[in-house]
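Before I ask anything, let me first share the structure, which is written out below as structure tokens.
The values are calculated or read from the model by the stated rules, or taken from the named source; none is laboratory data. Just so you know, these numbers come straight off a predicted model, no measurement behind them. Note that each Cβ is placed from the backbone with ideal geometry, even for glycine, and that neighbours are counted across all protein chains shown.
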Amino acid sequence: MDGDRIRETFLSFFEERAHRRVPSSSLIPPPESGLLLTNAGMNQFIPYFLGQAQPPFPRAATAQKCFRANDIENVGRTARHLTMFEMLGNFSFGDYFKSDAIPWAHQLITEGYGIDHDRLWVTVYEQDAEAEAIWIDAAGIAPDRVVRRGRLDDEGQLANYWHTHAAGPGGPCSEIFIDRGARYGPDGGPDADEDRFMEIWNLVFIQEQVDADLEIVGELPAKSIDTGSSLERVATLLQGTDSYFETDLLLPFLELAESLSGRTHGRDPRDDVSLKVIAEHGRATTFLIADGVQPSNEGRGYILRRMLRRAVSHARRVGIEGPVLPPLVELTAQRFGHVYPELRENTAFALQVASSEEERFSATLRQGMTAFDQAKGRAAAGRMSGEDAFKLSDTFGFPLQLTEELAAEAGLQVDTDRFGELLEAQRRRARDAAKKVAIGIDAGAVPPSTFVGYTDLDAQAQIVTLLDEESRELPVAEEGQLVRFFLDVTPFYAEGGGQIGDQGLVRTSTGLVRVTDTQPAGTHAVMHLGVVGSGEIRPGQEVHAQVDPERREATARAHTCTHVVHWTMKHLLGEHARQAGSLVAPGRLRFDFPHPSALPRELLEQAELEANRRLARDDTVRIYETTMDEAKAQGAVALFGEKYG
């Protein structure tokens, strides 16, 4: 069964059971998630699990692009490490739970995929007697093939309890394993050998909320289902291969690397690593670029740059002197563009970015060889320092394996222990910087607000929650005190999509607040920040909320100008010049867009002339609401970092 058929079998199975087929979200997650890159199918649904937003459908099924950067160094060294993979998932938002999720999973595996029932093993959380009983009674799994596991494994990693590694939803889980046969290892189930017994699906029973310290702090409003199944793992199993790289999802990329290099996979272990790195990184980086990631020295841009450089350095190692990234980009768009249309839509941009980075790094690589020669000269007692090896990796993009191979050719060893310490320190800094922030104050403990500001600049409302500047609840706030507060109804626009938040006044019968900023807090909550200008205010009071109309009107003009600039840049540069960030404020704006090189002055002057010409036409601006599909049909463009629906 090929990869396309596996994906379609999964999605169709759940569509037939009243699930909405939801497109994959971008690899660039929404800003409020706090994630560097999308790493699970459930990321786009977190507000539904937390009860912060009403889901437009009770059930969903997706094939989600996922990325896990912690596996970069392992790619090429094993049969089953990837950075980018597709996660198949079915989701319930307070609808069905274990009694449906478990039998459906069993039915899809045995009937949809045609896997023999007797090859199945499952794990359950050690305290989850309910899931264990359903596997035995409803799915017919033999009791000795249901393995109980704790929250953490022997290495302190999550076992049969799942969460996002940050404040948010969590719950016990049940993993499904398939016995691949005696040639892959000893019998005895997943506790004996997880190479022979391959996990292909994880069913998570979302029911609890965890805090930033990953401790359970309470029950969620509803019990939900979140499952994840790696398409590449299922393909490996159903296609009878020993490696992801032998499946139809990755084999074309491996064959391209062989063709470009003249090397054959399976003949030399060192060549095998390089060929797999070229194949996997070429595919993964194309997905990243197509979603708007550009090479840089920080964040997700650094991950992209590191992978592009890693692919190029391995290409040079196996004798590929010409461009290696452009043919990989084209193959990715050809192979996956029918599933993820952004790959085809942004092929030209991906080619431009990848080619430019490869060209620049080729010069850096030559400099890196000079740095390697210098490090070789500093080696003491036949050993190159970990600091030098790390600098070659971090600054020049030399993978550790490449440094070790070059050192071995010079009769040297590398201090890999010290290299590992420095790498772990870097990863720790990255993890700390990318920790998922709480969604809303205290991960959801804020009331929703009904926003009426598209049609009204003033409204009658009630103060639902009153906080101080440290977000502690207040019974009363007096003149001069800084406050944060939530209204049940608000005309104040919360900062989003680059547009700054509204300012204005909020009056009660006992006092007045000057609102200095308005910020989102979660999906449907609006937080007003300000200072008590006179008197005092209390929770529960009725208020009259008034947006500063002149400031809003000036901001609206800047917002319209942003759209004009956006159209102008796409018109002059191409479809890749999508909005990647902006600032919309009274009387000024900033428009960010991806482009692999600096724009010449002549082009900037042409853009200025064209944008001013459009503004001088003074076209009528019509404000109206419509559905997402109708908006797209009329030519609307969804912008990076914004939510629609």
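Go through (1) under 25 Å from Phe91 (Cβ atoms); (2) surrounded by 16 or more Cβ atoms within 10 Å (Cβ to Cβ) one by one and return the number of the condition Glu219 breaks.
It is condition (2) that Glu219 fails.
Looking at segment 307-332 only, could you name the residues that are over 19 Å from Thr347 (Cα atoms), part of a loop (DSSP other than H, G, I, E, B) and either at pLDDT 95 or above or of a type in the set (A, V, I, L, M) (or both)?
Of everything in segment 307-332, those that are over 19 Å from Thr347 (Cα atoms), part of a loop (DSSP other than H, G, I, E, B) and either at pLDDT 95 or above or of a type in the set (A, V, I, L, M) (or both) turn out to be Val318, Ile320.
Output the residues belonging to segment 1-32 that are in contact (Cβ under 8 Å) with a residue 24 or more places away in the chain, more than 20 Å from Gln294 (Cα to Cα) and assigned to a helix (DSSP H, G or I).
Gly3, Asp4, Ile6, Arg7, Thr9, Phe10, Leu11, Phe13, Phe14, Glu15, Glu32
Among the residues of segment 361-394, which ones are farther than 23 Å from Glu321 by Cβ and part of a helix (DSSP H, G or I)? Break it down stepwise before answering.
Step one: filter segment 361-394 for residues farther than 23 Å from Glu321 by Cβ, giving 374-391, 394.
The answer is Gln374, Ala375, Lys376, Gly377, Arg378, Gly386, Glu387, Asp388, Ala389, Phe390, Lys391, Asp394.
Same structure again: Looking at Ala545, Ala585, Ala577, Ala554, which one is touching a strand residue (DSSP E or B) at 6+ places or on another chain (Cβ under 6 Å), at negative phi, surrounded by 15 or more Cβ atoms within 10 Å (Cβ to Cβ) and not charged (D, E, K, R)? Show your work before the answer.
Details: Ala585 fails: touching a strand residue (DSSP E or B) at 6+ places or on another chain (Cβ under 6 Å); Ala577 fails: touching a strand residue (DSSP E or B) at 6+ places or on another chain (Cβ under 6 Å); Ala554 fails: touching a strand residue (DSSP E or B) at 6+ places or on another chain (Cβ under 6 Å).
Only one candidate passes the filter, namely Ala545.
Among the residues of segment 326-354, what is the count of those that are basic (Lys, Arg) and either out of contact with any helix residue (DSSP H, G or I) (no Cβ under 9 Å at 6 or more places or on another chain) or in contact (Cβ under 8 Å) with a residue 24 or more places away in the chain (or both)? Reasoning before the result, please.
Going residue by residue through segment 326-354, those that are basic (Lys, Arg) are 335, 344.
Within this subset, residues satisfying the condition of being either out of contact with any helix residue (DSSP H, G or I) (no Cβ under 9 Å at 6 or more places or on another chain) or in contact (Cβ under 8 Å) with a residue 24 or more places away in the chain (or both) are 335.
Qualifying residue count for the region: 1.
Which count do you get for residues in segment 395-425 that are assigned to a loop (DSSP other than H, G, I, E, B) and aliphatic (A, V, I, L, M)? Talk me through it step by step, then tell me what you get.
Step one: filter segment 395-425 for residues assigned to a loop (DSSP other than H, G, I, E, B), giving 397-399, 410-412, 415.
Checking which are aliphatic (A, V, I, L, M) leaves us with 410, 412.
Counting residues in segment 395-425 that are assigned to a loop (DSSP other than H, G, I, E, B) and aliphatic (A, V, I, L, M) gives 2.
Quick one: is Thr560 closer than 30 Å to Asp618 by Cα and among the polar types (S, T, N, Q)? Quick ask: steps written out before the conclusion?
On the way: closer than 30 Å to Asp618 by Cα: yes; among the polar types (S, T, N, Q): yes.
Criteria met by Thr560.
Residues in segment 476-498 that are surrounded by fewer than 20 Cβ atoms within 10 Å (Cβ to Cβ) and within 22 Å of Ala558 (Cα to Cα): how many? Give the derivation first.
At the first step, the residues of segment 476-498 found to be surrounded by fewer than 20 Cβ atoms within 10 Å (Cβ to Cβ) are 476, 478-482, 488-489, 495-497.
Narrowing further to those that are within 22 Å of Ala558 (Cα to Cα): 495-497.
Residues that pass the stated criteria total 3.
If you don't mind, there's one more thing I want to ask. Would you say Leu402 is surrounded by 21 or more Cβ atoms within 10 Å (Cβ to Cβ), in contact (Cβ under 8 Å) with a residue 60 or more places away in the chain, under 22 Å from Arg270 (Cα atoms) and within 35 Å of the chain's Cα centre (by Cα)?
yes
Still on this structure, please answer the following. Count, please, the residues in segment 499-517 that happen to be surrounded by 17 or more Cβ atoms within 10 Å (Cβ to Cβ) and charged (D, E, K, R).
Count: 2.
Yes or no: segment 258-271 includes at least one residue that is in contact (Cβ under 8 Å) with a residue 24 or more places away in the chain and within 22 Å of Glu342 (Cα to Cα). Explain how you work it out, then say what you get.
First pass over segment 258-271, keeping only residues in contact (Cβ under 8 Å) with a residue 24 or more places away in the chain: 260-263, 270-271.
Okay, now just the ones that are also within 22 Å of Glu342 (Cα to Cα), so none.
The answer is no; no qualifying residue exists.
To continue, here is another question. Report yes if some residue within segment 355-368 is closer than 20 Å to Arg270 by Cβ and modelled with pLDDT under 90; otherwise report no.
Restricting attention to segment 355-368, the residues satisfying the condition of being closer than 20 Å to Arg270 by Cβ are 365, 368.
From what is left, the residues that are modelled with pLDDT under 90 are 365, 368.
Checked segment 355-368: at least one residue is closer than 20 Å to Arg270 by Cβ and modelled with pLDDT under 90.
Return the residue satisfying two criteria in turn: it lies in segment 334-373 and is under 16 Å from Arg578 (Cα atoms) and β-branched (Val, Ile, Thr), and of such residues it is surrounded by the most Cβ atoms within 10 Å (Cβ to Cβ).
Val353
Moving on to the next point. Can you say whether Thr38 is among the polar types (S, T, N, Q) and under 30 Å from Thr403 (Cα atoms), as far as the supplied structure shows? First the steps, then the outcome.
Numbers: among the polar types (S, T, N, Q): yes; under 30 Å from Thr403 (Cα atoms): no.
No: the conditions fail for Thr38.
Anything in segment 294-326 that is within 11 Å of Ala354 (Cα to Cα) and either of a type in the set (Val, Ile, Thr) or touching a strand residue (DSSP E or B) at 6+ places or on another chain (Cβ under 9 Å) (or both)? List them, or say none.
Val312, Val324
In the set Thr247, Thr227, Thr241, which member is β-branched (Val, Ile, Thr), within 26 Å of Phe336 (Cα to Cα) and surrounded by fewer than 20 Cβ atoms within 10 Å (Cβ to Cβ)?
On the way: Thr247 fails: surrounded by fewer than 20 Cβ atoms within 10 Å (Cβ to Cβ); Thr227 fails: surrounded by fewer than 20 Cβ atoms within 10 Å (Cβ to Cβ).
Testing whether each residue is β-branched (Val, Ile, Thr), within 26 Å of Phe336 (Cα to Cα) and surrounded by fewer than 20 Cβ atoms within 10 Å (Cβ to Cβ) leaves just Thr241.
Here's the yes/no breakdown for (1) in a loop (DSSP other than H, G, I, E, B); (2) in contact with a Pro (Cβ under 9 Å, 6 or more places away or on another chain); (3) farther than 28 Å from Gln44 by Cβ; (4) touching a residue at least 12 places away in the same chain (Cβ under 8 Å):
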{"site": "Gly94", "(1), (2), (3), (4)": "yes, yes, no, yes"}
{"site": "Trp121", "(1), (2), (3), (4)": "no, yes, yes, yes"}
{"site": "Asp144", "(1), (2), (3), (4)": "no, no, yes, no"}
{"site": "Glu155", "(1), (2), (3), (4)": "yes, no, yes, no"}
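Follow-up. Go through segment 182-213 and give me each residue that's surrounded by 15 or more Cβ atoms within 10 Å (Cβ to Cβ) and either at positive phi or not assigned by TED's automatic domain parsing to the domain that holds Thr123 (or both). First the steps, then the outcome.
As a first pass, look at segment 182-213 and keep what is surrounded by 15 or more Cβ atoms within 10 Å (Cβ to Cβ): 185, 189-190, 193, 196-212.
Answer for segment 182-213, where residues must be surrounded by 15 or more Cβ atoms within 10 Å (Cβ to Cβ) and either at positive phi or not assigned by TED's automatic domain parsing to the domain that holds Thr123 (or both): Gly185, Gly189.
OK, next. I'd like the full set of residues that are in contact with a Gly (Cβ under 7 Å, 6 or more places away or on another chain) and either of a type in the set (Gly, Ala, Ser) or free of Cβ contacts under 8 Å to residues at least 12 places away in the same chain (or both), limited to segment 583-601.
Applying the first criterion (in contact with a Gly (Cβ under 7 Å, 6 or more places away or on another chain)) to segment 583-601 yields 583-584, 592, 594.
Hits for segment 583-601: nothing passes.
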